[in-house]
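Input: a single structure, listed below in structure tokens.
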Amino acid sequence: MKIPIERDNDFMTNFEDSLAEPSHLVDWQLFQQSYQMAETMKIPSFTELRAPFFLPHMSFLPHQLQCAETVVQTMNGRALLADEVGLGKTIEAGLILKEYMLRGLAQKILILVPASLVNQWAIELNQKFLIPAYPSGKRVDWKHTNIIITTLDTAKSARHRQAILEQNYDLVIVDEAHKLKNHKTKNFQFVQELAKKYCLLLTATPVQNKLSDIFNLVSLLKPGYLGTLEDFTKQYKHQQLEDDPYLKQLISKVMVRNRRADTGVHWTERQIETIWVSLKEEEQHVYENLQRFFKSRKSVSAMTYIREFCSSREACYLSLKKWLSERPDLMETTDLLTLIEQLPHHSKALKLVDLIKSIDSKVIVFTEYRATQIYLQWLLQQENIPAVIYRGGFKKGKKDWMRQLFQQHAQVMIATEAAGEGINLQFCHHLINYDLPWNPMRLEQRIGRIHRFGQENDVKIYNFALKETVEEHIMNLLYEKIQLFEYVIGDLEKILSDLKVDSFEKEMEKIFNESQSIGESKIKLDNLTAVIQSYQQVDLDEEQSV
Amino acid sequence: MIDNLQEFLYQFFSSKQCQVTKVNQTELSIQLTRELDQALMNRPFYWHYMDKIGRTGEPMSLHLDTGTQPENKEKEWIHYGSPRLQQIFQYLGQTAKFTVLYETTTSEQRKALLPWLLVNVRVQYYGKQTKEQLHSIGLQLINGQLVTQMMDRLATVTWGRRIEDYCYTISPLIKPKSGFQRVFQYVENQLLDQDNQWIQEANTSLEEELQLLRYFFAEREEQLAKEEQQLRERLSPRIQLTVHNAGLFYLTDSTSSNF
């Protein structure tokens, strides 16, 4: 097959002139060094990366190498990395970054990550990849610093925006890129405006059949192809977005998505145990009062107070009090408040103390409520169990400090939902879901903090549930029957999007709020569960027939 | 191949007349010369200003650490792919392109030196993916003998930048310019990859991308043409032969005959 071969004619033309010019000539040593350098840096094969050779202290997983190869060699450095949580997207991005740097194709690099991850990225890039990357400090020099890690908020702020947009980046990396889903946001527009040659978008949110979710991300990577989602739908209205074969193909040209099951790596097991707790008589009494009170009022937030009560007196008391202060006419709530005030320690909290005492190892406890978080820390303190708390709202420095305290001193970390993103705690393998999130994504993110690459032990997950409360229904019907803990979240997301249920949590709240009786909500939940189960069965059958 | 980066940098800065000290196993302390300061420190205004007011100016010093753990900010941490090393490599690549060298002999007999053209050729394959080969080829400019792995052969010889008093050179019969053509010809005929699968893959991939492009840019002709051209530039399979560096080497007959 004939293909064009270009010869270096310039060199030939300059050669004789240069020989006549002694200042252009070098001695043997430099001449040889230049050749050695070329040999060291050459890219000897179509498929192998150079970076692992220069990072002998790292052992990469096959899917990570494969991902980096595909992005560098066939996607031209513009890709959406959408692996499932815990498969090492940061590693993949680091590998790609290193490869481009080695090939001399990237020098000026901007890395945009959530505030809680800035330091972690810096540590990983420096220690694992030997890349001199710096977190943006107070006085940051966008022009002269080559590799900067910062947050989207900092970058797009009035103070820095202009300076950053004036730079020409070889590579821009955006972690947690699902924040760019909507093209009308400032975040999206800012990333779109950045001058960039290569671009990596990292997201852990399962992207399955919902093209609209990643449509805008793809349009960032393939500028000019898609325009906005509205334009696109208008222009191609003859067909469903999901059915457009060209769009599907375009996506396959920019997206890498590894699933745990495809990686061929032995992952440690998840052992799941449900811890049933019964409310004490007086607690049960208040619980029923609460339910009756809201049943008659049809308040939208009723379920919130009931769930809070299942978590701690404190959580429920505080928000109920706030609600009451806006409605001075409701005397009945004051009675409720008094009832709550008089309750003894929460049954679940006491059980938690017992359980932690029996575990001779680090434990991370997740709760949905800040009041519960503080209460639990105080309670553990009384038992001489050192515990640190962790929240999404903490400043970066404080987060790092808390993580370190947990690793080195405290047995327990109590985290609220917002802590779910980013922080890595592979050194811990006991996780307690003190209260269960109704959103399966959040559950997976929680578990992903400890059940990720680098975890050497089987992971133990304890789920607390109160008998004869809403928690029992949720636990029985959803978590146990759907086997949410064993299933990897991607499967469930796929099913839900097939069912056109966009938010699991909302769907459930709807069921509870719309139902007249416990029996009715039970039936509805049963129905939902049955549908999901039948889908799982179909999936399973398909897999076996393949 | 570079097997010890610290040693490599030590040699580099020494041959560029910088004062270099090995602080320990991984660190180097370097007093730059003006030439290297200008090449590496990125401060053209300083030197412009010094020249204007007629002062010599003071080159800066560098403290490099080739270790794998960045320890403090005083030292500059340098590793493959880091911007500083990339800059040094680039400088080295640009400046060490040409040479003329003469074999140094121990005997005091009058000796003729034969001219050899050395060409270090980089072969770059561009398609869906890319890769490189590096060939070091020597061409004797009298009889047209052609050998590969020339750098390894030359490394066994002691070299001087001036011809020794009792030696004389024989003028090439083959002009360097046609020498280059012979070398390129040889690479194209003998050394290129025989497996052509990559060409097919590149063409398939290009076709796919073009189809996508035509679908999405259907109503924007001008942009379509521009994008198509960019795609072709990126994905059309082609091979490029570039010379990394080259030189004339004068060798004694006895050394030559071993090649």
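The values are calculated or read from the model by the stated rules, or taken from the named source; none is laboratory data. Source: prediction; values computed, not measured. Here the Cβ is made from the backbone with ideal geometry for all residues, glycine too, and neighbour counts use every protein chain on show. Note: accessible area is taken over every heavy atom of the protein model, side chains too, but ligands, DNA and RNA are not part of it. Shrake-Rupley method; radii C 1.70, N 1.55, O 1.52, S 1.80 Å.
Give the whole-number value, in cubic angstrom per residue, of the convex hull volume spanned by the C-alpha atoms of the stretch A:74-131.
Normalising the Cα hull of the stretch A:74-131 by residue number yields 100 Å³.
Which entries in the list A:Lys2/A:Lys98; A:Lys128/A:Lys398; A:Lys2/B:Lys131 go over 29 Å, if you measure between the two C-alpha atoms of each?
Beyond 29 Å between Cα atoms: A:Lys2/A:Lys98.
Relative to the longest principal axis of chain A, what angle (0 to 90°, nearest 10) does the C-alpha long axis of helix A:489-498 take?
Roughly 80 degrees between the two axes.
What shape does the stretch A:51-263 take by its C-alpha gyration tensor, where a ≥ b ≥ c are the square roots of the eigenvalues and a/c under 1.5 counts as rounded, a/b above b/c as prolate, and the rest as oblate?
Here the stretch A:51-263 falls in the oblate category.
Which value at 222 nm does chain A reach when only helices count, each DSSP H run of 4 or more adding -39,500 (n - 2.57), with the total divided by all residues and rounded to the nearest 500 deg cm²/dmol?
-14000 deg cm²/dmol
Past the 33 angstrom mark, what percentage of all C-alpha to C-alpha distances in the protein assembly as shown do you count?
For the protein assembly as shown, the fraction of Cα-Cα distances above 33 Å is 64 percent.
Quick check: the angle from helix A:370-382's long axis to the longest principal axis of chain A, C-alpha only, nearest 10 degrees?
With rounding to tens, the tilt is 80 degrees.
With r as the distance between the Cβ atoms of A:Gln408 and A:Val353 and R0 = 25 Å, compute the FRET efficiency 1/(1 + (r/R0)^6) and round to 0.05.
The computed FRET efficiency comes out at 0.65.
Determine the shape class of chain B: with a ≥ b ≥ c the square roots of the Cα gyration tensor eigenvalues, call it rounded for a/c under 1.5, and otherwise prolate if a/b is greater than b/c, oblate otherwise.
Taking the square roots of the gyration eigenvalues as a ≥ b ≥ c, chain B is oblate.
Once the Cβ-Cβ distance between B:Lys226 and A:Ile275 is put in as r, and R0 is 51 Å, what FRET efficiency do you end up with, to the nearest 0.05?
It comes out at approximately 0.20.
Write down Rg/Rh for the stretch B:5-95, rounded to two decimals, with Rg from the C-alpha atoms and Rh from the Kirkwood relation over Cα pairs.
Reported Rg/Rh (Cα atoms, Kirkwood Rh): 0.99.
Against the longest alpha carbon principal axis of chain A, how many degrees, from 0 to 90 and to the nearest 10, is the axis of helix A:313-325 turned?
The angle comes out near 80 degrees.
What fraction of the DSSP beta bridges in the protein assembly as shown is antiparallel, stated in percent and rounded to the nearest 5?
40 percent
Once ligands and nucleic acids are excluded and a 1.4 Å probe is used, how much of A:Asp329 is accessible, expressed in Å² to the nearest 10?
Approximately 120 Å² for this residue.
Can you give me the distance in nm between label points at B:Asn196 and A:Phe453, each placed 7 Å from the Cα along the Cα-to-Cβ direction?
Here the modelled spin labels are 3.9 nm apart.
If we count every other residue with Cβ under 12 angstrom of A:Ile511's Cβ, Lys/Arg +1 and Asp/Glu -1, where does the sum land?
-2
With Cβ to Cβ distances under 11 Å as the rule, what net charge do the other residues near A:Gly94 carry (K, R +1; D, E -1)?
0
Rounded to the nearest 0.05, what FRET efficiency do B:Ser14 and A:Arg292 give with R0 = 56 Å and r taken as the Cβ-Cβ distance? Could you check?
E(calc), rounded to 0.05, equals 0.05.
Does the stretch A:244-359 come out rounded, prolate or oblate by the C-alpha gyration tensor, with a ≥ b ≥ c the root eigenvalues, rounded set by a/c under 1.5 and, if not, prolate when a/b is larger than b/c and oblate if not?
oblate
Using alpha-carbon positions, what is the distance between the centroids of the stretch A:267-311 and the stretch A:146-208, in Å?
Using only Cα atoms to place each centre, the spacing works out to 41 Å.
Test of understanding: given chain B, find the longest segment containing no trypsin sites (Lys or Arg not before Pro) that are in a DSSP loop and have at most 10 other Cβ atoms within 10 Å.
B:163-259
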